[in-house]
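Visitor: Got a structure for you, written out below as structure tokens; questions coming shortly.
The values are calculated or read from the model by the stated rules, or taken from the named source; none is laboratory data. Keep in mind it's a predicted model, so treat the numbers as computed, not measured. Ideal geometry is used to build each Cβ from the backbone, glycine not excepted, and the neighbour counts take in all protein chains shown.
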Amino acid sequence: MQNATRFYINGAWVEPEGTQRLDVINPATEQPIGQIALGTEADVNKAVAAAQAAFPAWEATSREERLALFDRIIEVYKTRLNDIAETICDEMGAPLWLAQRAQAAIGLVHLTTARQTLADFAFEEQLGTTHVFREPIGVVAMITPWNWPINQIAAKVAPALAAGCTMVLKPSEIAPLNAILFAEVLHEAGVPAGVFNLVNGDGPTVGAALSRHPDVAMVSFTGSTRAGIEVAKNAADTVKRVAQELGGKSPNIILDDANLEKAVTAGFRSVCVNAGQSCNAPTRMLLPRARYEEAVAIAKAAAEKVVVGNPREANVTYGPVASEAQWNKIQRLIETALKEGARLVTGGPGKPEGLNVGYYVRPTIFADVTNDMTIAREEVFGPVLVLIPYETEEEAIRIANDTPYGLSAYVTSADLDRARRVAARLRAGNVHLNGAEIDPRAPFGGYKQSGNGREFGVHGLLEFLETKAVLGYAAA
């Protein structure tokens, strides 16, 4: 059991103000592996005060000073990569190979990308006689999820540091231990006291206190659309900036000229990454009706090759989902799909055979799904794929856009120009053509109820900056 009950405030590990504790559960064993303290409004006030006090000096640092700090952070992070991967594997169930190659590694990618962005970024520009300055917004509250924990922490902390902001992080209470390691990295690298602060806790207490705090200039939130709405409501009275990366129900349009075997197999495998717990997972596969049953058979064959099991075993495709609550939600949605008449191709309710302990979910595919079914409209956040037939390209685009979400979309075609034309009509913040991967320099975020902010690269840095125009700055 790891005792992690202290908070990182003003450059030191301090005791919490409250007495409430929460066990951190390993979803593969259903046993506690650590314990955190649940913060209170008093803890939030201390952390925000530290961040506010540190802001003037950090805002005044030069680009060169920030770049030097990034170099130290990156070097220290490299020494903790394996610790972070092991922790993420244990606290949220990611296979160790995924935790090493992606979950922990992506944090390093965001740090190096933010450093490169900072090195080249123009904080000032001249427009005639007016000079435009881009300045740090101030104290930022960061509320991050459990599914890709270090990814979302680094995607917020790195550009905020580059911008000159100070911050208070509230990581998910379901997977909080990796955030403590991240704080240790920043401390060892010499981040000045008060620039970065960490308070553990739940959303209704710590998250709400941060969101409504009058000295917080911005909230950067990643999580469910439901929780994002609450954050925005709490922030409204103080008219602070709220950047949100929320849920998704991403369409995957496979056009009739695509290599069906390759596209369907890759699409299903993508849904299974991280046990389906990715907001941009391509969970609605849209298929030409003329080849629909062929595609159903291909998807079923792909599912039969999936290995579900102990996340510490090398050959597993995915491990358990992150919590009992998440497992129960997935089961409810699978049962609802059956009641609403979707055809179960493979998988279904319950745990995979032989996995009676742990929050494991069977790889599940539903066919004959219509876009008004619950399983096609609600974010499952599990290894569940729905197959939807379409008659024409026009219908595929209509179905793809018929969703309250708009985070990501996917298009596969043998004709790149055709794929580009379809992409131009999709209402999504990210469109992946022919299996293109995430680009850490490209803006990441969504349309509609998938959010209103952008992360990564230059766009991620801009989120943490205010714009000041000084008119008459230059002689006419």
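Visitor: Hey, A281 hits all of (1) in a loop (DSSP other than H, G, I, E, B); (2) more than 21 Å from the chain's Cα centre (by Cα) but one; which does it fall short on?
Guide: Unmet for A281, out of (1) in a loop (DSSP other than H, G, I, E, B); (2) more than 21 Å from the chain's Cα centre (by Cα): (2).
Visitor: Name every residue in region 14-40 that is under 27 Å from G194 (Cα atoms) and of a type in the set (V, I, T), in order of residue number.
Guide: The answer is V14, T19, V24, I36, T40.
Visitor: Further question: Among the strands (runs of 3 or more DSSP E) lying completely within region 399-476, list those that include at least 1 residues that are of a type in the set (G, A, S).
Guide: 408-412, 465-470
Visitor: Right, next: Between R21, R6, which is touching a strand residue (DSSP E or B) at 6+ places or on another chain (Cβ under 6 Å), among the basic types (K, R) and surrounded by fewer than 15 Cβ atoms within 10 Å (Cβ to Cβ)?
Guide: R21
Visitor: Out of P27, P56, P32, which single residue is surrounded by fewer than 22 Cβ atoms within 10 Å (Cβ to Cβ), under 30 Å from E324 (Cβ atoms), modelled with pLDDT of 95 or more and not basic (K, R)?
Guide: Testing whether each residue is surrounded by fewer than 22 Cβ atoms within 10 Å (Cβ to Cβ), under 30 Å from E324 (Cβ atoms), modelled with pLDDT of 95 or more and not basic (K, R) leaves just P32.
Visitor: Turning to a different aspect of this structure: Within region 205-233, can you find the residues that are within 14 Å of the chain's Cα centre (by Cα) and surrounded by 21 or more Cβ atoms within 10 Å (Cβ to Cβ)?
Guide: Of everything in region 205-233, those that are within 14 Å of the chain's Cα centre (by Cα) and surrounded by 21 or more Cβ atoms within 10 Å (Cβ to Cβ) turn out to be S220, F221, T222, G223, G228.
Visitor: Then there is this: In region 153-195, which residue that is in contact with a Pro (Cβ under 6 Å, 6 or more places away or on another chain) and in contact (Cβ under 8 Å) with a residue 60 or more places away in the chain is nearest to I84 (Cα to Cα)?
Guide: Out of the qualifying residues, it is N178.
The rows are residues; the columns are (1) assigned by TED's automatic domain parsing to the domain that holds F182; (2) closer than 18 Å to W146 by Cβ; (3) at pLDDT below 95; (4) not in a strand (DSSP E or B).
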site	(1), (2), (3), (4)
E86	yes, yes, no, yes
C89	yes, yes, no, yes
A102	yes, yes, no, yes
A114	yes, no, no, yes
L118	yes, no, no, yes
A122	yes, no, no, yes
R134	yes, no, no, no
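Visitor: Quick check on my filter: what residues within region 234-258 are polar (S, T, N, Q), assigned to a loop (DSSP other than H, G, I, E, B) and surrounded by 22 or more Cβ atoms within 10 Å (Cβ to Cβ)?
Guide: Within region 234-258, just S250 meets the criteria.
Visitor: Oh, and also: Got a sec? Which of V380, V345 is closer than 17 Å to C272 by Cα, aliphatic (A, V, I, L, M) and surrounded by fewer than 22 Cβ atoms within 10 Å (Cβ to Cβ)?
Guide: That would be V345, the only listed residue that is closer than 17 Å to C272 by Cα, aliphatic (A, V, I, L, M) and surrounded by fewer than 22 Cβ atoms within 10 Å (Cβ to Cβ).
Visitor: Next up: With the structure loaded, tell me whether A295 is within 30 Å of S172 (Cα to Cα) and modelled with pLDDT of 95 or more or whether it fails that test.
Guide: The answer is no for A295.
Visitor: Could you run through region 378-393 and say how many residues are part of a loop (DSSP other than H, G, I, E, B) and under 29 Å from the mean Cα position of the chain (by Cα)?
Guide: 6
Visitor: I'd like to verify a number: residues in region 102-141 that are over 25 Å from E437 (Cα atoms), small (G, A, S) and surrounded by 16 or more Cβ atoms within 10 Å (Cβ to Cβ), how many?
Guide: Looking only at that region, the number is 2.
Visitor: For the list (1) in contact (Cβ under 8 Å) with a residue 40 or more places away in the chain; (2) surrounded by 18 or more Cβ atoms within 10 Å (Cβ to Cβ), I need the number of the one condition that V431 fails.
Guide: Only one criterion is unmet by V431, namely (1).
Visitor: Only one of A475, A423 is at pLDDT below 95 and either assigned by TED's automatic domain parsing to the domain that holds L118 or surrounded by fewer than 23 Cβ atoms within 10 Å (Cβ to Cβ) (or both). Can you tell me which?
Guide: Going through A475, A423 in turn, just one is at pLDDT below 95 and either assigned by TED's automatic domain parsing to the domain that holds L118 or surrounded by fewer than 23 Cβ atoms within 10 Å (Cβ to Cβ) (or both): A475.
Visitor: Right, next: Of everything in region 67-101, what is hydroxyl-bearing (S, T, Y) and crowded, with 16+ Cβ neighbours inside 10 Å? Give them in sequence order.
Guide: The answer is Y77, T87.
Visitor: Sticking with this one: Under 6 Å by Cβ, and 6 or more places apart or on different chains, what pairs join a residue from region 458-472 that is within 15 Å of T112 (Cα to Cα) with one that is at pLDDT below 95 and not in a helix (DSSP H, G or I)?
Guide: Going by the 6 Å Cβ cut-off, there are no qualifying pairs.
Visitor: If a residue has to be within 27 Å of Q277 (Cα to Cα) and in a helix (DSSP H, G or I) to count, how many in region 210-233 make the cut?
Guide: 11
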